Amino acid sequence: MLHLRRCISSEVHQAVGRWRQDMCKHSYGIVHSQPLGCALVHEQTYWTEEKRVISYARVSTGAQAASGLSIEAQHRAVADAAASRGWQVVSCISDEAVSGAVPVDERPGLNAALGQLERDEADMLVATRVDRLARNTLETLLLFDRADRAGWELLTLDAPEGVKTHDGRMLVEILAVIAAHEAGAARARTVAALQTARRSGRRLGRPNRQPEEARILAAQLHADGCSLREIAAALEVAGILTATGKFTWHHSSVAALLTNTPSQDSHTG
C-alpha cells in the first residue's frame with residue numbers, strides 16, 4: 001500500500017510538471033494544454049494586455065537564498081516574463097527569511113504589495129511559483145479570491161492561467177496542495193531528526209550564546225507549526241544557550257524568546 005501511494009504521488013508530480021512545461025511553452029494567445037490526460041483548448045487574451053506588475057519573491061531559509069530560489073533569481077524570472085509580454089514591472093517586493101506557513105497578513109513585504117494593488121498603483125501581482133505565495137492551501141486560495149474580488153490579478157509563472165479558467169484554477173489548487181504537503185513533510189522530518197538527536201544526547205552545533213540566532217531559529221520553527229517544546233528541543237540540539245548561559249530550554253523561555261520578553265529560564269511544567 002505504501003509503495004502504491006508513492007507511485008501515485010510520483011505520477012501526480014510528473015503530470016503536473018508536464019502540464020507546467022506545456023502551459024509555459026506557448027505565447028498565451030491560443031493555449032493548447034493536456035492536463036492529466038484531458039485535452040483542452042482555450043482562448044487567452046488577458047496575458048497580452050499591458051499591465052503594471054508587482055514582482056513578489058519569498059525565501060524562508062538561507063539554503064533557498066543560495067539556490068535557484070534566491071530573491072534575485074525570482075525577481076529576474078518575473079522581469080523576463082513581464083518583458084516578453086510587454087508588461088511593466090513597477091515594484092519588486094520581497095519577504096526574506098519568512099516561512100510560507102506565516103499568514104499573509106503577518107508578512108510585511110506581501111502586505112506592502114497588497115496595499116499598492118488596492119490603491120490602484122499596480123494591476124497585477126506576479127510570483128514565480130504558487131509555493132512562493134504560501135504553503136497553506138486555504139491561504140493560497142483566499143489570496144486568489146481576494147484578487148478576484150478586488151479587481152486586480154494574481155498570477156504565478158508555474159500556473160500562468162491563474163484562476164480565470166476552470167482548468168487554470170484546478171492547477172492552482174493542485175500546486176497549493178502540493179506546497180502544503182511538502183511543508184508538512186519537511187516539518188515532520190525536522191522534528192523526527194531533532195527527537196532522534198535529543199534521545200541520543202547529541203548536539204548538532206557548538207555551544208554558543210547568540211540571542212539573534214536563537215530568535216531566528218525559534219521564529220522559523222514556530223512559523224512552520226512546531227510546538228514550544230519542539231522548538232526548545234531544537235535549540236538544545238543546535239547547541240544554542242539560553243540568555244543565562246544554560247543548555248536546557250523550557251517552553252516558557254521559548255515563549256519569552258518569541259515575544260522578546262525577559263526570561264529567567266524558569267521551568268513551569
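Things worth noting here:
- One residue from 158, 131, 95, 123 being farther than 16 Å from residue 74 by Cβ and not basic (Lys, Arg): 123
- Test: residue in region 56-77 that is surrounded by 19 or more Cβ atoms within 10 Å (Cβ to Cβ), at pLDDT 95 or above, in contact with a Cys (Cβ under 9 Å, 6 or more places away or on another chain) and not in a helix (DSSP H, G or I): yes
- Only one of the listed residues (165, 137, 128, 156) is over 26 Å from residue 96 (Cα atoms) and in the same structural domain as residue 93 (by TED's automatic domain parsing). That residue is 165.
- Tallying residues that are modelled with pLDDT under 95 and surrounded by fewer than 19 Cβ atoms within 10 Å (Cβ to Cβ) within region 87-97 yields 2.
- In region 228-242, the residues that are of a type outside the set (A, V, I, L, M, F, W, C), touching a helix residue (DSSP H, G or I) at 6+ places or on another chain (Cβ under 8 Å) and surrounded by fewer than 22 Cβ atoms within 10 Å (Cβ to Cβ): 229, 230, 236
- In the set (1) free of Cβ contacts under 8 Å to residues at least 24 places away in the same chain; (2) surrounded by 17 or more Cβ atoms within 10 Å (Cβ to Cβ); (3) not charged (D, E, K, R), residue 166 fails one condition alone, (2).
- For region 98-136, taking the residues that are at pLDDT below 90 and surrounded by fewer than 17 Cβ atoms within 10 Å (Cβ to Cβ), the one that is farthest from residue 162 (Cα to Cα) is identified as 106.
The values are calculated or read from the model by the stated rules, or taken from the named source; none is laboratory data. No experiment lies behind these values; they were computed from the predicted model shown. Positions of Cβ are backbone-derived with ideal geometry, glycine not excepted, and every protein chain shown enters the neighbour counts.
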